[in-house]
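Here's the structure, in structure tokens; my notes come after.
The values are calculated or read from the model by the stated rules, or taken from the named source; none is laboratory data. Worth saying up front: this structure is predicted, and the values here are computed from it rather than measured. Cβ placement follows ideal geometry from the backbone for every residue including glycine, while neighbour counts extend to all protein chains displayed. Areas reflect the complete protein model, heavy atoms only, side chains present, ligands, DNA and RNA absent. Shrake-Rupley method; radii C 1.70, N 1.55, O 1.52, S 1.80 Å.
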Amino acid sequence: MSTSHSLSNIQVTGSPTPALKRRKPGTPTRTFGTPPVSPQIRPFECSSPTSTDRFIPSRRSMDFTVAHHFLTNEDAENKCAPSLSSPTSVPASGQPSEFESALRAALLSPGQHAPRSALSSTPLTSSGGGGGCEVSGIGLGSPARSGGSSGRVLAFSEPASPPRSLFGSDLPGLLRSGDLGGMSPLGGGAGSPGGRRSKDRLSRSIPSTPSRILDAPDIVDDYYLNLISWSSSNVLAVALGPAVYTWNAETNSVQLLCQLSNGDSVTSVNWMQSRPPSSSGGGGRGDALLAVGCNSSRIELWDAAALRLVRTLPGHSARVASLSWNPAHRSLLSSGGRDSLILSHDVRAAQSQVATLRGHRQEVCGLKWSPDGSTLASGGNENYLCLWDVAMSGAGGAGRSHQAQPSSMGHVGPRQVMQDHKAAVKALAWAPFQRSLLASGGGTADRTIKFWNANTGALQKSVDTGSQVCSLLWSPHHRELVSSHGFSQNQLVLWKYPTMTKVKEFTGHTARVLHLDMSPDGASVVSAAADETLRFWSIFGTASKGGGRGGAGAGQGLGGSVGGLNMLTLR
């Protein structure tokens with residue numbers, strides 16, 4: 001016997017109803033498939049096929065705040081109570097009651113009005129045994145029966161208008177853009193697990209266009225070279241073919257520093273680290289010394305202030321593609337060449353070469369000392385990433401007059417060799433906020449940015465960028481990383497670390513972006529591309545409380561760059 005028959009289709013006897021049909025005498029009490037019927041209750045048939053015994057609301061169109069106010073309002077309850085004992089609650093004048101007006105305001109949005117015949121022309125009566133008010137003559141959840149109106153109560157043919165924003169702006173737009181991170185209950189926005197990073201994201205605006213463009217004709221389109229360097233005194237060095245030009249960001253002046261002869265060309269440039277100011281106030285001009293690597297395998301040291309050649313450093317047998325000064329031992333210069341060697345030079349010694357580091361099999365195209373000067377990272381064309389201790393580079397004897405001869409020195413091997421990349425490793429960047437964190441980028445066949453623990457050599461994270469990674473830079477103010485890429489979009493990408501979500505992309509270059517460097521205050525980034533242009537981007541912003549890269553030009557940034565785009569031509 002089925003017990004699932006709904007009790008909603010039965011009614012207690014006691015008051016005759018015209019809609020009920022009595023069973024004829026002699027008929028069976030029940031048939032197969034129907035539940036038994038007690039003597040006190042009988043099933044009935046509804047007078048209208050469209051009537052229903054329950055209401056299924058459409059909560060999507062309800063204004064619960066307003067409805068709750070009127071349902072819990074004391075005056076509304078007082079207006080509703082008399083209708084339980086009175087057959088009608090409509091005044092004799094025929095005008096709608098106060099409760100009817102309140103009900104209309106609660107159930108309908110401001111832009112919609114119920115037909116007069118649906119609410120006002122039908123009396124408000126009590127439902128037989130119920131304890132609340134009911135609008136008789138209206139099928140809840142079904143079309144109103146009066147006047148042929150098609151209006152529906154608690155369900156609208158058109159979506160209700162969205163509520164006004166409590167913040168005085170387009171709240172959905174703010175949520176889509178991720179600029180409402182500080183209002184999240186968790187204190188973070190999209191892609192930002194902490195409230196501090198969301199605050200950083202809101203605290204600055206990142207322009208999509210460059211602040212200025214410099215024309216750089218004849219810049220060599222070679223992935224393995226390193227042709228720009230920005231000094232701490234706010235002077236940018238750019239190698240254009242056989243010449244090196246300097247551009248002063250404060251004065252916008254361009255100066256030819258050197259011009260190679262005999263068909264030679266410049267393959268790498270790097271400024272010496274600035275000397276801390278002395279107590280007597282006579283700060284050094286160490287950052288005026290520029291190392292220039294040549295295609296002829298020699299290295300030249302130039303005094304940018306005096307525009308003169310200081311000395312030449314031999315040792316390599318092929319072009320010098322990468323250079324890096326040690327920030328702790330200022331006179332120690334490391335150079336990587338196509339001969340697969342890394343040479344350490346003490347520029348103050350008569351015999352400059354103090355160590356030979358052998359670990360690569362092909363050209364050394366990436367070279368970067370850690371900020372504390374303890375570890376040297378090198379990347380090669382054979383896909384190797386090697387780590388070297390400072391003691392291997394002869395830093396312990398740097399500055400002495402009695403240096404070991406190159407012929408008497410043994411070749412030193414790397415401390416760590418990582419072979420996870422699938423293409424040449426040129427892009428290298430040490431994190432300023434974590435001593436052992438190193439980022440590296442691979443070439444066309446690799447297309448990934450990898451993060452390493454320099455102490456153990458363990459791979460922590462790998463991100464596929466979709467294109468050749470040419471250069472990497474960490475922000476000195478935020479946990480962010482910018483990368484430059486080649487085919488197909490030739491763009492710069494700003495990443496949020498450690499989630500590695502894309503914060504913004506910067507397009508404009510029409511060829512691969514080969515080189516990146518940063519201004520002394522860490523606010524601006526310069527990109528050099530094979531389209532023979534240099535573009536300056538305001539990506540990282542300024543430090544909120546001091547900071548920056550220090551030096552004489554710290555905090556200066558791009559002098560005169562405020563107020564629009566500036567286009568100049570080098571040389």
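What the table below lists for this structure:
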{"read-out": "Derived scalar couplings ³J(HN,Hα) [region 338-351; Karplus, 6.51 cos²θ - 1.76 cosθ + 1.60; whole Hz; x for Gly, Pro]", "value": "6, 7, 6, 9, 10, 10, 9, 10, 9, 5, 8, 8, 5, 9"}
{"read-out": "Full-extension gain in nm, A391 to R361, via 0.36 nm per residue minus C-alpha separation", "value": "8.6 nm"}
{"read-out": "Local net charge near T533, Cβ-Cβ under 13 Å (Lys/Arg +1, Asp/Glu -1)", "value": "-2"}
{"read-out": "For R447, residues with placed amide H under 5 Å, excluding near neighbours", "value": "G442, V469"}
{"read-out": "In Å², nearest 10: area of R358 left accessible to a 1.4 Å probe", "value": "110"}
{"read-out": "Förster-model FRET efficiency, 51 Å R0, N252 and H411, C-beta, rounded to 0.05", "value": "0.65"}
{"read-out": "Cut-off under 5 Å, modelled amide H: who pairs with E480 long-range", "value": "S475, Y497"}
{"read-out": "Under-5 Å amide H pairs with Q353, H placed in peptide plane, nonlocal only", "value": "D346"}
{"read-out": "Global form of region 302-351, assessed from the alpha-carbon gyration tensor, a/c cut-off 1.5", "value": "prolate"}
{"read-out": "T510 versus Q351: modelled label distance in nm, points set 7 Å from Cα along the beta carbon direction", "value": "5.4"}
{"read-out": "E250 accessible area, assembled protein chains, probe 1.4 Å, Å²", "value": "80"}
{"read-out": "Span from the region 422-463 Cα centroid across to the region 523-538 one, whole angstrom", "value": "23"}
{"read-out": "Segment Q259-A445, length gained on full extension (0.36 nm per residue, minus Cα span)", "value": "63.4 nm"}
{"read-out": "Most to least accessible of D215, D339 (protein chains only, probe 1.4 Å)", "value": "D215, D339"}
{"read-out": "Shape call, region 222-365: gyration tensor on alpha carbons, a/c limit 1.5", "value": "oblate"}
{"read-out": "Shape category assigned to region 477-533 from the gyration tensor of Cα positions, a/c cut at 1.5", "value": "oblate"}
{"read-out": "Whole-percent pair-distance distribution, where bins are 10 Å wide, for the alpha carbons of region 342-386", "value": "25, 47, 26, 2"}
{"read-out": "Added length on full extension, which subtracts the Cα-Cα distance from 0.36 nm per residue, D420 to D221", "value": "69.0 nm"}
{"read-out": "Radius 14 Å from Cβ of Q362, net charge of other residues (Lys, Arg +1; Asp, Glu -1)", "value": "+2"}
